[in-house]
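Visitor: Next up is a structure, given as structure tokens.
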Amino acid sequence: MISFRSIYYSFPVQLVILQFRNHFLFLMIWFLIIGSIMGWVGASFGVSYLFLTPEYVGQVSALNYFIVGLAFGAFLFSWNLSIYLLSAYRFPFLATMSRPFLKFCINNGVLPLFMIVVYAYQILHFYHGQIAVGKALFYVFSLLAGITVFVFALIFYFRLTNKDIFSFLKAKRTTPDMTPPIMGAQRLNKTDFYRIKKRSWRVDTFINEKFKWRLVRGIGHYDIKILMKVFRQNHINVLVVQLLTILLLMGLGLKMENKYFRIPTAASLLILGSVLVSMIGAIGFWFKRWTVIVWILILLVLNNITKYDFFNLNCKAYGLDYQGYTCDYNSFELDIITRDSVVNADRQEALKILNNWRAKFPRKGKKPKLLLVSASGGGLKAGLWTMQVLQTLDKKTKEQFFEHTGLITGASGGMLGAAYYRELMLRKRMGAPLNPQSPKYRDNAAKDLLNSIYFSIVTNDIFIPMVTARRNGKVHRRDRGYMFELQFNENTDSILEKPLAAYREPEEKAIIPRIILSPTVVNDGRRLIISPFFSSYMMTSNFEQYHKGGISLDAIDFRHLFKNNQADSLNFVSALRMNATYPIVLPSVNLPSNPSIEIADAGFRDNLGKSTSIRFVSNFADWIKANTSGVVLVQIAGWEKFNDKPKKTTDSGWISSLFKPFGILADISLLQDYDSDLNFGLLSKAIGSDYIDLVRFEYVPSEVHRRASMSFHLTEMEKEDIIQSIHNPTNLKAQEKLLKLLGDD
């Protein structure tokens, strides 16, 4: 009869208890992975989709799941190796058996088995109703095949190399110990034996290789030194495998420019988990009770040594000159840029561009509408949605929408799509035989960028961060920022791979609309205004009040500040990357100034991109009134506009209630919507409501599908949902409104 006692003291149960009692850090990594698969972790960023529908070389296939399975097997094995390193001595009976590590893995399989079952179920649940059941089952089989291949390969290695107690006993019989016995030797054995007995856990039964229950036999008749030799030899093999794994990752990192080496993001995340588990296990094994102190010292040392130039691995903007002049970033330099003579000269240059735009509409007595497009951030979701809106509007208006557009602004992913579409239109106008409204370009805008980024993090950024690459004649570090640009260029046939100055002539002649990028300066929260033209007039909302000391500068003109650093040579794709630098996912860019300006995502200041357009209108309000029939702000938003129905607050305990007010800070999109409407309302009052209109296109998820994730990866289901959103009643009304406004010209 099976009793509670027999279950409790079985090896599998004791190993589960061991995890919760002694290895909480490992459990946290387990929770993050399971939470990611279940959609509990990073739901808005689509983390679960990275595991459920992994993409490789632009496709989802059984091979992808097999690769993820291999990485899953690596994680499971690293976890088993680390637990074995840290805790095998607590179960000394293992040393008395053949193939102790294999038996340990079998009995330590409760959590892995649970995780595999959950993962398989989630894959089948995700594909339910989308693809044939047989195909979904084949994906699961491929995943399990990958896990099995990796695990059995390493088990075979350990079976060949790991020694058991019988090997040591045989060696002892063939090579007798000639050392004369001395007093104390027996006492030493008893002390060691007592130490193991004191720390060992009671185990009555275990599962063998044939998956049968067996009783644990006693160890009292074995020499404790031989038992310890078994564990030490097994530990050495564990460390060898971990070292070889790191060397393999470094080797893969050196080949990351080859697209076939860029494994699915889920595989990269699992490998990263394997590395973390191995590091935690190795440091815990070597330093034992000093582990926490050692980790603190490692972090402090890394933080301090990376302050020095030799170890400084700051990411750079490709094309800029970092070797020569270093500009000063201070109030004195900014005052020089904002002198009346400088600002007026920049305004005159902008007016020349506006006049060239106006000359495209020569009809007398009929003034045209000036369209200003603002594309929101939101990863590939925003990029695809922006492409879909621009293509649809140009198709319906026979490209009159693009013809009337004078400026495009925005944040993050939305500007990736907008810049790509603008370049396609430029090429068409230069005589290239292409159709910018073709679905293939929309598909290009939605291609995965995340595989390359995370593969770079795992293989290159962690282990070989000093590796460099040459771009535009300059040497730069090959990090995840480099890989982002490489992958983006591959997705878009490298048509945006050109210096910032390459757009000066077509923008000046109004062949294409101007683009103003505005990433955020981490140092002080200002915006960095990036354009092929000097744009000092965009540095504050009111120069009169600024010179009186009433308000501050909230932006910096890039070309003015870095004119001695070859600002015109800045790679345009690097400028787009700076505008889309989401923390951790992409590295912050450091610019050659003193102190160094650090750049982050434009969405921190304005994820809608509308404030830049509003400031532009306020600068040229008189010209707009004199030369147009009004300005139309076209907002392409990656989310629905807030409604007037407030969210319900749930009852919470007194501790939770203390932090509840901070929840509004997390909803940055809502706060920016409020500020955007405030600025628009003030501008409308100042310029006159007859001269300004707002048309908003927003991605509205269908009732069937969940909202598309804010990520650099989209599933096929998400892509289709975004594309179909153009037919939502809200967007159909917006199209009618815009067509009517253009028809009034």
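Visitor: Quick one: would you say Met250 is modelled with pLDDT of 70 or more, of a type in the set (A, V, I, L, M), assigned by TED's automatic domain parsing to the domain that holds Ser142 and closer than 30 Å to Ile33 by Cβ?
Guide: Answer is no for this residue.
Visitor: Shifting gears a bit: For the stretch 54-69, which residues satisfy the criterion of being under 26 Å from Val277 (Cβ atoms) and either of a type in the set (D, E, K, R) or at pLDDT below 90 (or both)?
Guide: Glu55, Tyr56
Visitor: Still on this structure, please answer the following. For the stretch 501-598, give me every one of the helices (runs of 4 or more DSSP H) that falls completely inside it and has 3 or more residues that are closer than 25 Å to Gly413 by Cα and either out of contact with any His (no Cβ under 9 Å at 6 or more places or on another chain) or modelled with pLDDT of 95 or more (or both).
Guide: 504-508, 572-579
Yes or no, residue by residue, for (1) in contact (Cβ under 8 Å) with a residue 24 or more places away in the chain; (2) assigned by TED's automatic domain parsing to the domain that holds Leu576; (3) over 17 Å from Asn607 (Cβ atoms):
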| position | (1), (2), (3) |
| --- | --- |
| Ser341 | no, yes, yes |
| Asn344 | no, yes, yes |
| Glu349 | yes, yes, yes |
| Trp357 | yes, yes, yes |
| Pro362 | no, yes, yes |
| Lys369 | yes, yes, yes |
| Val373 | yes, yes, no |
| Ser376 | yes, yes, no |
| Val389 | yes, yes, no |
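Visitor: So, in the stretch 328-342, of the ones that are assigned to a helix (DSSP H, G or I) and of a type outside the set (D, E, K, R), which residue ends up surrounded by the most Cβ atoms within 10 Å (Cβ to Cβ)?
Guide: Checked the stretch 328-342; the qualifying residue surrounded by the most Cβ atoms within 10 Å (Cβ to Cβ) is Leu334.
Visitor: Here is a list of conditions, (1) farther than 18 Å from Asp340 by Cβ; (2) surrounded by fewer than 21 Cβ atoms within 10 Å (Cβ to Cβ); (3) touching a residue at least 40 places away in the same chain (Cβ under 8 Å), and Phe543 meets all of them except one; can you say which number that is?
Guide: Going through (1) farther than 18 Å from Asp340 by Cβ; (2) surrounded by fewer than 21 Cβ atoms within 10 Å (Cβ to Cβ); (3) touching a residue at least 40 places away in the same chain (Cβ under 8 Å) one by one, Phe543 breaks only (1).
Visitor: Would you pick out the residues in the stretch 423-471 that are hydrophobic (A, V, I, L, M, F, W, C), surrounded by 15 or more Cβ atoms within 10 Å (Cβ to Cβ) and assigned by TED's automatic domain parsing to the domain that holds Arg577?
Guide: Once the filter is applied, which keeps residues that are hydrophobic (A, V, I, L, M, F, W, C), surrounded by 15 or more Cβ atoms within 10 Å (Cβ to Cβ) and assigned by TED's automatic domain parsing to the domain that holds Arg577, the stretch 423-471 yields Leu424, Met425, Leu426.
Visitor: Could you tell me which numbered condition Ser596 fails, if it satisfies all but one of (1) under 17 Å from Phe484 (Cβ atoms); (2) surrounded by fewer than 20 Cβ atoms within 10 Å (Cβ to Cβ)?
Guide: Every listed condition holds for Ser596 apart from (1).
Visitor: Just to be sure, is Leu380 part of a strand (DSSP E or B) and buried (at least 18 other Cβ atoms within 10 Å of the Cβ)?
Guide: Spelling it out, it is not the case that Leu380 is part of a strand (DSSP E or B) and buried (at least 18 other Cβ atoms within 10 Å of the Cβ).
Visitor: Here's another thing I want to ask about it. For the stretch 343-372, which positions are touching a strand residue (DSSP E or B) at 6+ places or on another chain (Cβ under 9 Å), farther than 30 Å from Ile597 by Cβ and in a helix (DSSP H, G or I)?
Guide: Scanning the stretch 343-372 gives Trp357, Arg358.
Visitor: Against the condition surrounded by 19 or more Cβ atoms within 10 Å (Cβ to Cβ), modelled with pLDDT of 90 or more and assigned by TED's automatic domain parsing to the domain that holds Gln19, how does Ile123 come out, does it pass?
Guide: So Ile123 passes the test.
Visitor: Across the stretch 423-481, what is the number of residues that are in a loop (DSSP other than H, G, I, E, B) and of a type in the set (Gly, Ala, Ser)?
Guide: 5
Visitor: Same structure again: Can you tell me how many residues within the stretch 462-497 are at pLDDT below 95 and more than 30 Å from Leu269 (Cα to Cα)?
Guide: 3
The values are calculated or read from the model by the stated rules, or taken from the named source; none is laboratory data. As the structure is a prediction and not an experimental result, all values here were calculated from the model. In this analysis, Cβ positions are derived from the backbone assuming ideal geometry, glycine residues included, and neighbour counts consider all displayed protein chains.
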